[in-house]
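The values are calculated or read from the model by the stated rules, or taken from the named source; none is laboratory data. Please read all numbers here as calculations on a predicted model, not as lab measurements. Here the Cβ positions follow ideal geometry from the backbone for every residue, glycine too, while neighbour counts run over all protein chains shown. Just so you know, the surface numbers come from the protein's heavy atoms only, side chains and all, with ligands and any DNA or RNA stripped out. Shrake-Rupley method; radii C 1.70, N 1.55, O 1.52, S 1.80 Å.
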Amino acid sequence: MLAGRLRELLDAGLITHDRLPPGPATYTLTTDGRALLPALERIRSWSQRRRST
């Protein structure tokens, strides 16, 4: 399930994938991915307000 979600994000251009031998894979937000952070923060805030009521 996680691998599928990461593939979707890669395909959408929201993250990049690097493998640094011999270590694990690393994923980094692209410029487009970082551009979504304000919207995601608003969704997170909305969700927290709904849980506390």
* Descending semi-axes in whole angstrom, ellipsoid equivalent of the chain, from the Cα gyration tensor -> 28, 13, 11
* To do: Pop out the ³J(HN,Hα) list for the range 46-53 in order, Karplus 6.51 cos²θ - 1.76 cosθ + 1.60 with θ = phi - 60°, rounded to Hz; leave Gly and Pro as x.
  => 4, 5, 5, 4, 5, 5, 8, 9
* Asked: In deg cm²/dmol, rounded to 500, what helix-only [θ] at 222 nm does the chain give when every DSSP H run of at least 4 residues adds -39500 (n - 2.57) and the total is split over its residues?
  -> -16500 deg cm²/dmol
* Structure fact -> Each label sits 7 Å from Cα toward the beta-carbon; between T30 and Q48 the label points are separated, in nm, by 3.0 nm
* Accessible area per residue of the chain at 1.4 Å probe, in Å²? -> 89 Å²
* Can you give me the relative contact order of the chain as a percent, contacts being Cα pairs under 8 Å and 6 or more apart? -> 23 percent
* Asked: Under a 1.4 angstrom probe, counting protein chains only, how are E41, E8 ranked by accessible area, largest first?
  -> E8, E41
* Carbon and sulfur atoms: what percent of the 1.4 Å accessible area of the chain do they account for? -> 60 percent
* Structure fact -> In terms of the charge dipole of the chain, which places +1 on Lys and Arg and -1 on Asp and Glu at the beta carbon, the residue among A3, G13, L37 farthest towards the positive end is L37
